[in-house]
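The values are calculated or read from the model by the stated rules, or taken from the named source; none is laboratory data. Keep in mind it's a predicted model, so treat the numbers as computed, not measured. No Cβ is skipped: glycine too gets one built from the backbone with ideal geometry, and neighbour counts run over all protein chains shown. These accessible areas exclude ligands, DNA and RNA; they are computed on the full protein's heavy atoms, side chains included. Shrake-Rupley method; radii C 1.70, N 1.55, O 1.52, S 1.80 Å.
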Amino acid sequence: MSVGGPPIDALAVRERLRTAASSAELAEARLWMPQAPGSESPPLPQDLIRLLFRMRLPYMRAAAPTVCQVARTEAWDPARVLTVLLAEEVHGRERSSKEHRRQVAGFPTGKTFHAWREADSPIPLETQRALRTLDWVGRAENLVLVGPSGTGKSHLAEAIGHAAIDAGLRVTWFSLESLTAVITRSKVDASTHKVVERICRSELIVVDDIGQLPAGEDEAEALYRLVDAAYERRSLVLTSNLHPAAFDTILPKGLATATVDRLLHHAHVIVTEGRSQRLEDALTGRGVVSLLEQADDDIRGRWRTSDEQDTGPR
C-alpha cells in the first residue's frame, strides 16, 4: 500500500537544491553587514520596533541599529540598506531552520564531511564527489552502502544527511531497530499510515546497520512499509553488511523480495571493501589522544595558571 503523494515531489526537491546552490547571492549581500561600531548604536524608534515584532523579523530587528548607523555615516543607497537587512533576516532564519532540522533528524554522532577522509575510503573519489552534489536526491534515487563493519558506511550516510540539511532539505535517521519500534507503536492506535506519511515528509531518510541484529517479521514489515511509501517520491540511504540480494537471509522471503524490488529500481549500490577504519585508527593510535601528550598539556596549563596568579595584581 503506497502512501499518498504525487511523484512530482522530486521536482520540488530539485528546486530547493537549486535555491540552496544560489546562496552565493545571499553571502555577497551579507559582506556589507557592518561589524558593531565602537560606540553604541542608537536604538530604533519604538513604532519601528513594534512593526518588526508584528512582522516577526527578529534578525532584522537585531541588525537594524548598527546597519542604520553605518548607512547614515557612509551615505548608503536605500536599496543597499534594504538588501543588507533582508539578507541578515534570511541568513538568521536559514541558520535557525538548519539547527532545528539537525536536532529532529536524530543523527547518532554528528559526523560530517569535515571529518571524512576521502583518501582512506575504498569508494572511488569520483563517486564520493558525485554523491556530495546531492543531484541523486533531487531525482528521488536511493543509495545503498554495502560492506563490512568499519569501512565508513555510517559516516558517509550521516555526512550526506548533514549536507542535505545544509542544502535546505529535511532528513530523518533510523536504525532498523528504531524504525521497527516506531511502526510497531503506531499499530496500537491504527496510525501506521499517518506515521509513515509523516516520515516521508523528509526528502532523505536513512536506515542504518541493516543486518547487524537479528530481524524478523516486524522488521521486515517496517522496512517494506517505508520503502514502498518512499518509492519514486523520496530518497533512501540504507547501510548494511549484506547486499540487498541477501536480505532474504535475514528477513522473511516474501517481504524481502518485494522490498528489494522497489528499493533497487532507482538505486546506486556502492560496495565498501577493505579493512575496518576503526581498527586501523586503533592500530595506529589515531583513535585516541595520547596520554603523554594530554599529561604534558595539563602540566603546561597548570604552569600558566600558576604564573598568571604570581604576576597578578597584589
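Scan Glu141, Glu158, Glu177, Glu126 and give me the residue that is without any contact (Cβ under 8 Å) to a residue 12 or more places away in the chain and of a type in the set (Asp, Glu). Spell out the reasoning first.
Numbers: Glu141 fails: without any contact (Cβ under 8 Å) to a residue 12 or more places away in the chain; Glu158 fails: without any contact (Cβ under 8 Å) to a residue 12 or more places away in the chain; Glu177 fails: without any contact (Cβ under 8 Å) to a residue 12 or more places away in the chain.
On inspection, the qualifying residue turns out to be Glu126.
Of everything in segment 88-110 that's of a type in the set (D, E, K, R) and touching a Leu at 6+ places or on another chain (Cβ under 9 Å), which residue is surrounded by the fewest Cβ atoms within 10 Å (Cβ to Cβ)? Once the filter is applied, the top-ranked residue is Glu94.
Name every residue in segment 95-110 that is among the aliphatic types (A, V, I, L, M) and touching a helix residue (DSSP H, G or I) at 6+ places or on another chain (Cβ under 8 Å), in order of residue number. Working first, answer last.
Looking only at segment 95-110, we keep the residues that are among the aliphatic types (A, V, I, L, M), and these are 104-105.
Ala105, the sole residue that qualifies.
The requirement of being under 13 Å from Leu236 (Cα atoms) and under 20 Å from the mean Cα position of the chain (by Cα) is not satisfied by Trp116.
Where strands (runs of 3 or more DSSP E) fall wholly inside segment 129-234, the ranges with 1 or more residues that are at pLDDT below 95 and open to solvent by 60 Å² or more (accessible area, probe 1.4 Å) are 204-210. Identify all residues within segment 82-103 that are without any contact (Cβ under 8 Å) to a residue 40 or more places away in the chain, more than 18 Å from Met60 (Cα to Cα) and of a type outside the set (Asp, Glu); write none if there are none. Across segment 82-103, the qualifying residues are His100, Gln103.
Residue count for segment 259-279 under the criterion of being open to solvent by less than 40 Å² (accessible area, probe 1.4 Å) and at pLDDT 95 or above: the result is 5. Beta carbons closer than 6 Å, at least 6 apart along the sequence or on distinct chains, pair a first residue in segment 244-269 that is in a strand (DSSP E or B) with a second that is open to solvent by less than 30 Å² (accessible area, probe 1.4 Å) for Ala267/Asn142; Ala267/Val144; His268/Leu143; Val269/Val144.
Note on segment 56-87: among residues that are outside any helix (DSSP H, G or I) and open to solvent by less than 50 Å² (accessible area, probe 1.4 Å), the one that is farthest from Pro43 (Cα to Cα) is Trp76.
Being in contact (Cβ under 8 Å) with a residue 24 or more places away in the chain, under 30 Å from Thr172 (Cα atoms) and among the aromatic types (Phe, Trp, Tyr) is a condition met by at least one residue of segment 108-116.
There is no residue in segment 236-257 that is more than 23 Å from Gly106 (Cα to Cα), crowded, with 20+ Cβ neighbours inside 10 Å and among the polar types (S, T, N, Q).
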